[in-house]
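Since every read-out is calculated from the coordinates, none of them should be taken as a lab result. From a predicted model like this one, the values you see are computed outputs, not experimental measurements. Don't worry about glycine lacking a Cβ; one is built from the backbone with ideal geometry, like all the others, and counts go over all protein chains shown.
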Amino acid sequence: MENLVVNGHQTQPKVIAPQRLAATPLRPQTVVPELAPNVDVGGPAQPLLMVRNLAKYFPLKRTSWLDAALGRAPDAVRAVDALSFEILKGETLGVVGESGCGKSTTSRLMMALQRPTAGEIIFDGELVGSRALPLKAYRRQVQMVFQDSYASLNPRASIEDSIAFPLRVHGIDRRTATARAHDLLDAVGLHPAQFARRFPHQLSGGQRQRINIARALALKPRLVILDEPVSALDKSVEAQVLNLLVDLKSQFGLTYMFISHDLNVVQYIADRILVMYLGKPAEIGDARDVFDDPAHPYTAALLASRPTARRRRSQSGDAHVAAMAHTQVPTGTAPLRGDPPNPINPPSGCVFRTRCAHAEDVCAVTVPPLTPVTAVDVARLGAPSAASAAPGRASLRTDMPAHLAACLRQLPQSGHSAAPPPKPAAAVAPTTVHAVDEVTQ
């Protein structure tokens, strides 16, 4: 051992004997929390989500003390008014309508992002917001993909952090949440090694929308609300995202509510269609029934106005571009007249009467309820049609009409000139009357 020189003197270095480290007890391993599996409470026959008389009014000004004393309600925008529908388990419900008809407001009400003015939302038999189904438990089972893919992502968070954030909120540790985020990136077609540490501004619009879809699937929801998910994408990217949604629905057993103004997209992906006009339901039914035989004049006008590249031959034999994509749409269907009414002061009776070519005086005084379209619907009460029985489509319930429309032309004895005749009397009635006549004679 060499001597050390300190201030000109050689010194012997000190030898420090090694000390035995005391054995420290190991910490008990913590159990990593996992998401509890979602339980199907009511079974396949019970609708996954039911909306009952949902309404949302946006007041234009605060109620003054004088209006409150006199019981006068302030003017308000009726974004959603008396809306009722159901979403069946395993189906894709398409919601269509013009801009301003209340589609996006309905989706925000269903996500509890806005408080409804009236009505209730029931999820798998439980009232949303009640003690049996608090909002946190409800939102874990219902997720949403917004229209603006850039604004719905945090620009300061990486992609993997954005996808893992919902898991962290529900108590999942960072490592497990990150691993789940990487798995979801793979599921939506993005390689984790390439995209996990990127930020939203480094991605294209289609890639950002895939990230939003992956984030919506992080909590393993049962219902995914898609608010115009492909409206801002190119047609080639739009087709890829639509096919991805179809694959994810089959892979994870999802139920979709697909909101769009593009009827061709909705026809491709939806099992049933809900047509909205001025915050109210105009028509709801199986996708093939609604597109092939629309029962509401508004639905027929929407179908007649969509662009198409299909051709048909006229009587003269010359090929021309068809004005309507479906030959089942009545040829006398008039286009929509004028603009939609003011939602602050909607028309009385049928809200569509001011633009309807079939409007009569009775339409101004009677609010049309959702009515079964044909006697076949009344008899079968929702038996699956050919469209619903096709591969990949959800099976409709057997205790609800398959095709409903809010039009007085479909309501027997409504007073409209085109209303169907009243229902025939029971079969036993003529026999009873005939027996009485014989006794009288």
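A compact table of results
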quantity: About the Cα centre, charge dipole magnitude for segment 189-301 (Lys/Arg +1, Asp/Glu -1 at Cβ), debye; calculated: 820
quantity: Principal axes of segment 44-175: Cα extent on each, largest first, Å; calculated: 60, 43, 35
quantity: Residues listed by number, segment 242-284, amide nitrogen under 12 Å from A364 label point at 7 Å toward C-beta; calculated: none
quantity: Greater than 32 Å apart at Cα, pairs in K61/K220; K103/K235; K61/K249; K103/K136; calculated: K61/K220; K61/K249
quantity: Total charge dipole magnitude, segment 169-238, about the Cα centre, Cβ charges on Lys, Arg, Asp, Glu only, Debye to nearest 20; calculated: 300
quantity: Net charge contributed by nearby residues that have their C-beta within less than 15 Å of Y298 (K/R +1, D/E -1); calculated: +3
quantity: Extended-chain gain in nm, criterion 0.36 nm per residue less alpha-carbon gap, N243 and Q46; calculated: 68.1 nm
quantity: Mean Cβ neighbour count within 10 Å, used as a protection proxy, ranking 184-197, 74-87 highest first; calculated: 74-87, 184-197
quantity: Ratio Rg/Rh, restricted to segment 248-306 and using Cα atoms, in which Rh is the Kirkwood radius; calculated: 0.99
quantity: Rounded D (µm²/s) - segment 160-278, Kirkwood Rh over Cα pairs, Stokes-Einstein at 20 °C, 1.002 mPa s; calculated: 141
